[in-house]
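Enquirer: I am attaching a structure below and will ask some questions about it afterwards.
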Amino acid sequence: MKKHIALLRGDGIGPEIVDSAVEVLKAVAVKFGHEFTFTPYLIGGSAIDACGKPLPEETVEGCLAADSVLLGAVGGPKWDTLPGHLRPEKALLGIRSAMGLFTNLRPAKLYPALKEECPLRPDIVEKGFDIMIVRELTGGIYFGERGYREGKYGEEAYDTEAYSRMEIERIVRVAFETARKRRKKLTSIDKANVLETSRLWRKIVHEIAAEYPDVEVADMLVDNAAMQLVRNPAQFDTIVTSNMFGDILSDEASQITGSIGMLPSASLNDGTKGLYEPIHGSAPDIAGQNKANPIATILSAAMLLLYAFDMKAESDCIVNAVDKVLNAGLRTADLCRVGAPLTCTEMTQKVIENL
Ligand code: IPM
Ligand code: MN
């Protein structure tokens with residue numbers, strides 16, 4: 001197969017980890033007789049530096065024209081003082097919106113080899129966990145009306161959370177379908193005791209549940225969910241939640257896998273097109289030092305092969321290689337407590353050797 005992948009390397013460790021995943025994809029292409037081509041496009045702070053805006057039109061056009069998109073991370077202290085609409089993060093929201101990527105799949109599972117790195121109590125670790133977070137990605141407060149105004153106490157800023165029935169229905173359907181292919185248990189996370197958007201969300205979950213009698217569904221308040229994730233993560237199979245709650249809970253879920261450097265993600269529209277990226281950020285503190293853990297991006301490339309190109313064997317090959325490397329005790333700095341950690345490029349090489 002011939003496939004064309006747009007690369008959004010971004011800022012901080014973004015370029016290093018995307019280059020790692022590209023090396024792995026090239027090795028997979030050779031092994032399975034595919035032809036993958038890659039075109040880099042600017043996004044985030046590096047785009048601001050080059051052309052004054054975080055999401056140039058060529059980037060959007062390039063992503064829409066490609067068969068799939070692989071992204072590193074955006075942002076850094078250099079651009080932190082820019083106004084909101086010019087920040088690197090705005091580009092990430094912008095490309096998600098431009099591509100219609102309303103579904104964000106964030107799998108968080110405990111690798112047996114990383115049990116020691118899990119910060120939870122041994123009896124909780126023993127039970128393990130394998131969670132799929134389905135995060136709504138193009139609605140809610142990250143996209144709502146915002147601004148500054150004169151309030152009761154003077155200067156005031158506001159952001160608004162709004163969700164339409166259509167936006168909730170489509171993400172909830174994706175979540176039920178996802179749960180159906182897993183352990184058939186869906187937890188919908190909201191704040192229905194306070195927020196009107198959550199009450200609509202909950203109502204729609206219950207309506208759609210009638211179409212999926214084989215899936216067990218439960219509601220959970222987000223504050224409780226944050227606690228349950230560290231108290232008993234094994235209780236979760238598939239989680240569905242709003243943009244902001246999903247953002248926060250997926251970082252929490254990543255930490256109990258051992259490191260935020262482990263979690264991949266797939267952002268999908270209603271077709272097969274998508275954007276694949278690690279859930280972590282640009283880690284400016286270690287940028288350019290060849291220290292980053294490339295695994296989340298390498299696993300994002302594995303998700304890309306599976307979801308975008310329907311290449312299950314190729315995707316499994318990467319996942320198995322990562323398993324082998326971890327089982328062999330190889331660790332980058334984020335996961336390494338004893339001995340010398342591998343660099344980003346060394347870890348990438350080890351994964352390629354194990355394909
Ligand atoms: C993520 C990130 C982004 C988000 C930021 C950088 C806009 O935190 O992908 O989780 O909030 O979605
Ligand atoms: Mn996040």
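Enquirer: Going by a ≥ b ≥ c, the root eigenvalues of the Cα gyration tensor, does the chain fall in the rounded group (a/c under 1.5), the prolate group (a/b larger than b/c) or the oblate group?
Expert: rounded
Enquirer: Spin-label point model (7 Å from Cα, Cβ direction): what's the R170 to N327 distance in nm?
Expert: Output for this residue pair reads 4.1 nm.
Enquirer: Percent of Cα-Cα pairs more than 27 Å apart in region 119-256, please.
Expert: Result for the distance tail: 25 percent.
Enquirer: Can you sort S97, S46, S282, S242 by how many other beta carbons sit within 10 Å, fewest first?
Expert: S97, S46, S282, S242
Enquirer: Give me a comma-separated list of calculated 3J(HN,Hα) values for region 297-313, in order, Karplus coefficients 6.51, -1.76, 1.60 applied at θ = phi - 60°, integers in Hz, x for any Gly or Pro.
Expert: Coupling constants for region 297-313: 6, 5, 5, 5, 5, 5, 5, 4, 4, 6, 7, 8, 10, 6, 9, 5, 4 Hz.
Enquirer: Return the sequence-ordered ³J(HN,Hα) values of region 82-89 in whole Hz as given by the Karplus equation 6.51 cos²θ - 1.76 cosθ + 1.60 applied to θ = phi - 60°, using x for Gly and Pro.
Expert: 5, x, x, 6, 10, 6, x, 4
Enquirer: Related question: Over the chain, with a Gaussian network built from C-alpha contacts below 10 Å, which listed residue (K291, K191, K203) shows the highest mean-square fluctuation?
Expert: For the chain, modelled as a Gaussian network with Cα springs under 10 Å, the answer is K203.
Enquirer: Taking the Cα-to-Cβ direction at A50 and at F32 and moving 7 Å from each Cα, how far apart do the two end points lie in nm?
Expert: Computed distance between label sites A50 and F32 equals 2.8 nm.
Enquirer: What does the extension gain come out to for A218 and E57, with contour length at 0.36 nm per residue minus their alpha carbon separation?
Expert: 53.7 nm
Enquirer: Roughly what % antiparallel, to the nearest 5, for the DSSP beta bridges in the chain?
Expert: Roughly 40 percent of the beta bridges in the chain run antiparallel, per DSSP.
Enquirer: Tell me the Rg and the Dmax, in Å, that the Cα atoms of region 1-87 produce.
Expert: Cα-based Rg and Dmax for region 1-87 come out at 14.3, 47 Å.
Enquirer: Here's a follow-up. In whole Hz and in residue order, list the ³J(HN,Hα) couplings for region 185-191 that follow from phi through the Karplus curve 6.51 cos²θ - 1.76 cosθ + 1.60, θ = phi - 60°; x for Gly and Pro.
Expert: Coupling constants for region 185-191: 10, 10, 10, 9, 10, 8, 9 Hz.
Enquirer: Once you have a ≥ b ≥ c as the square roots of the Cα gyration tensor eigenvalues for region 14-173, tell me rounded if a/c is under 1.5, and otherwise prolate or oblate according to whether a/b is larger than b/c.
Expert: The shape class here is oblate.
Enquirer: Also, I was wondering about something else. Fully extended, how many nm does the chain gain between Y153 and N290 (0.36 nm per residue separation, minus their Cα-Cα distance)?
Expert: Taking Y153 through N290 to full extension adds about 44.5 nm, to one decimal.
Enquirer: Label H206 and A226 with points 7 Å out from Cα along Cα→Cβ: what is the distance between them in nm?
Expert: 2.6
Enquirer: Here is a follow-up. Taking 8 Å as the Cα distance limit and 6 or more residues as the minimum spacing, I'd like the relative contact order of the chain as a percentage.
Expert: Once normalised by length, the contact order is 22 percent.
Enquirer: Same structure, new question: State the extension gain, in nm to one decimal, for the chain segment bounded by V194 and K312, taking 0.36 nm per residue of separation less the distance between their alpha-carbons.
Expert: Stretched fully, the V194-K312 segment lengthens by 38.2 nm.
Throughout, read-outs are computed from the coordinates displayed, never taken from laboratory work. Quick caveat: nothing in here was measured; it's all calculated off a predicted structure. Counting neighbours? That spans all protein chains shown, and the Cβs are built from the backbone with ideal geometry, glycine included.
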